[in-house]
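Please read the structure below before turning to the comments.
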Amino acid sequence: MLAFLRKKTKKTLGFRLVLYILLCSSLVTLIVTSIHIYYDYRVDLNLIESRINQIKKTNLASLSNAVWVSDESNIRLMLEGILRIQDMQYLEVLENSETIVSVGEPQEDNIVSRSFVLSYPYNERILEIGELKVIVSLDGVYNRLINKVLVILGTQAVKTFIVSFFILFIFYFLVGRHFFFLANQARNATHGIGPHLFFLNRPQEESVQGDELDQLVESFNTMATKMLQNEKRYRTIIETTSEGFTRFDAETQKVVEVNQALCEILGYSREELLSGFPNEFTDLKNRQVLKKNKDYLDQASHNVFEVTLISKAGKQVVLRVSASNLLDPSGGLLNIYAFYTDITNAKLAAEELEQHRDHLQELVKDQTHELIHAKEAAETANQAKSKFISSMSHELRTPLNSIMGFAQLLQIDKEISGDERRNASINYILSGGEHLLTLINDILDLAKIESGSIAISMENVTPGDVVRDCLELMAPLSEKAEITIIDEVLSGTHLPMIQADPTRLKQALVNLVSNGIKYNKPNGSVKIRCEVQPTKHVLFSVEDTGYGIPKDKMKDLFRPFARLGAESSNIEGTGIGLSLTQNLVDVMGGELKVESVVNQGSVFSFELPISSSGLE
């Protein structure tokens, strides 16, 4: 039985319980014994002091009388009587510091020594006639204490051993044997042997309702049920996924689990894959890839890589591997779980796409070269056109100026000034000439802008002055067309100076106001305003009450020579005013915008920056 318990309890809870009981009992025994021994030691010392004091009370007077009469035999007799007292070691009587009688053996260590004066009354005086020296040995005290310690420790050790044995037996009978039984059940369940639910190996009537072991078994069964459910879910997921799966066991250095999807990807059975996967199903290069990534997983928790395996049909199968490791509490590798996605078709498609991309790049490159050449040719043609227009404008302006000059001379000639018919003809010549000159000037400016040769002189400009000059120029046209111009600038608050070319700004505003007058409704109005914006710009806007611009014609609004259907009306115009105005605003750093509602009118606006002096 003892051998069985030693075998069963070594390094178990019972063994450690007994060990702790022995250690605690021994410690308590030592503490209690030390207190007890110290108490006995103090009792023995007090007893020795009491005996010495008793000698002083009962024998000191008799010894003084014997010394007074020099009766050495009586002195020795009394000392020998005192020496018989327990633990008494040595006594001597001294007279004038000389020993006259001594008994016993003197001792220097482990002693208690006392000296008493021997006195005698004589002629009403107390005379000191000698000295009694008493030495008590403590060896007897120490021997008794040692014996007592041995007895106490021996009895306590026997008692502790017997109690520990019974505790170990009771613990094994009540708890330990059930733990061993449950452990065997757990091991069997791990290897698929026996039932997966736990029970206690004791009669039903022995089981106390709701004791700790029953609660433990109930908890184990709850945990086992959940583990079985998790295992079932795990198996379902692994076997139903379209990705291949393997589990590598670090202890056996083999793949111990594969799923059906991997079998279908490679065309092998489970047994064939388990016999040597993956090294026997690939070449040397990919074996090195597998080894490198396995070594990496010894340190990292997750890794994704690609590997090429050979299927049973001899085809190369490219797989994307997503692998994770499982470590034990000490950091050692237990398992590697890997999922395999067949990306063979994706790889082939990517390679084909890469080829198409390279081919497309070549086509784009060739097309780009063609477009560059076409662009250069168009720019060359455009520059030639601009030079031609500029040259022709100068060539046309010279004879036109001569025509208008002669017409103006005819107009002021007094001899023919009274002929109304001729005056009407001259006015017609002047009107047509001015219109043609304006057209030529606009074409020339547009050509300069397109060729980048237009001269712009940016300076500090007062917006109100430019607007006033513009309105003075437009006053005759507005009166003739019976259109009201509403000035919301001169009557407004002081405006800061802006950065602009005053001539080009006036030209842009004249074009916008002129269009607002020409394309307005009868008795309509044109409103011009300037407003300071939070963006440190001044907003110029020209609003008319005309017929508006349809949305489908907005795209052609700023195209040169596009009149949006007005060419069939009796309204004079060339179709380049808005295009020129847009370009003029652009070169001054602004952007011409338009908002229009059919049958309600249009608003043209642009912003120009406030000058640095205007910000002060």
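Filtered by the rule that a residue be open to solvent by less than 80 Å² (accessible area, probe 1.4 Å), of a type in the set (A, V, I, L, M) and closer than 20 Å to Y39 by Cβ, segment 144-172 gives L145, V149, I152, L153. Of the residues making up segment 66-120, those that are part of a loop (DSSP other than H, G, I, E, B) and polar (S, T, N, Q) are S70, Q86, N96, S97, Q107, N110.
As a summary of the residue check, L77 satisfies the conditions (1) at pLDDT 90 or above; (2) closer than 17 Å to I135 by Cβ except for the one numbered (2).
Restricted to strands (runs of 3 or more DSSP E) entirely inside segment 244-328, those with at least 2 residues that are under 14 Å from A338 (Cα atoms) and in contact with a Ser or Thr (Cβ under 9 Å, 6 or more places away or on another chain) are 254-258, 302-310, 316-327. For L145, the requirement of being of a type outside the set (G, A, S), more than 18 Å from L47 (Cα to Cα) and in contact (Cβ under 8 Å) with a residue 40 or more places away in the chain is not met.
As a summary of the residue check, I265 satisfies the conditions (1) among the hydrophobic types (A, V, I, L, M, F, W, C); (2) more than 23 Å from K291 (Cα to Cα); (3) open to solvent by 20 Å² or more (accessible area, probe 1.4 Å) except for the one numbered (2).
The single condition from (1) closer than 16 Å to F606 by Cα; (2) open to solvent by 20 Å² or more (accessible area, probe 1.4 Å); (3) in contact with a helix residue (DSSP H, G or I) (Cβ under 8 Å, 6 or more places away or on another chain); (4) of a type outside the set (S, T, N, Q) that L471 fails is (1). Set side by side, the residues E306, E362 differ, and just one is without any contact (Cβ under 8 Å) to a residue 60 or more places away in the chain, acidic (D, E) and under 24 Å from I237 (Cβ atoms), which is E306. One residue stands out in segment 530-558 among those that are open to solvent by less than 70 Å² (accessible area, probe 1.4 Å) and acidic (D, E): the one that is farthest from the chain's Cα centre (by Cα), namely D544.
Which of the residues belonging to segment 578-612 are open to solvent by less than 50 Å² (accessible area, probe 1.4 Å) and among the small types (G, A, S)? Let's see the steps before the verdict.
From segment 578-612, those open to solvent by less than 50 Å² (accessible area, probe 1.4 Å) are 578-581, 583-585, 588, 590, 592, 594, 596, 601-606, 608-611; that's our starting set.
Residues satisfying the conditions are S579, G590, S596, G601, S602, S605, S611.
Taken over segment 128-157, the criterion of being of a type in the set (A, V, I, L, M, F, W, C) and closer than 13 Å to I21 by Cα is satisfied by A157 alone. How about segment 311-336: which of its residues are surrounded by 16 or more Cβ atoms within 10 Å (Cβ to Cβ) and touching a residue at least 24 places away in the same chain (Cβ under 8 Å)? Result: V317, V318, L319, V321, A323, N325, L333, N335, I336.
Of everything in segment 37-62 that is within 17 Å of R114 (Cβ to Cβ) and among the acidic types (D, E), the residue that is farthest from the chain's Cα centre (by Cα) is E49.
Among the candidates S102, S113, S137, which residue alone is touching a residue at least 40 places away in the same chain (Cβ under 8 Å) and either surrounded by 13 or more Cβ atoms within 10 Å (Cβ to Cβ) or acidic (D, E) (or both)?
Every option except S137 fails the conditions.
Looking across segment 268-299, the residues that are open to solvent by less than 50 Å² (accessible area, probe 1.4 Å) and either out of contact with any strand residue (DSSP E or B) (no Cβ under 8 Å at 6 or more places or on another chain) or over 28 Å from D328 (Cβ atoms) (or both) come down to Y268, S269, G276, F281, T282, N286. Looking at segment 509-529, is at least one residue assigned to a strand (DSSP E or B), open to solvent by 40 Å² or more (accessible area, probe 1.4 Å) and modelled with pLDDT of 90 or more? Among the residues of segment 509-529, at least one is assigned to a strand (DSSP E or B), open to solvent by 40 Å² or more (accessible area, probe 1.4 Å) and modelled with pLDDT of 90 or more, which makes the answer yes.
The values are calculated or read from the model by the stated rules, or taken from the named source; none is laboratory data. Here the structure is a predicted model, which means the values were calculated and not measured. Note that each Cβ is placed from the backbone with ideal geometry, even for glycine, and that neighbours are counted across all protein chains shown. The accessibility values were calculated without ligands, DNA or RNA, using every heavy atom of the protein model including side chains. Shrake-Rupley method; radii C 1.70, N 1.55, O 1.52, S 1.80 Å.
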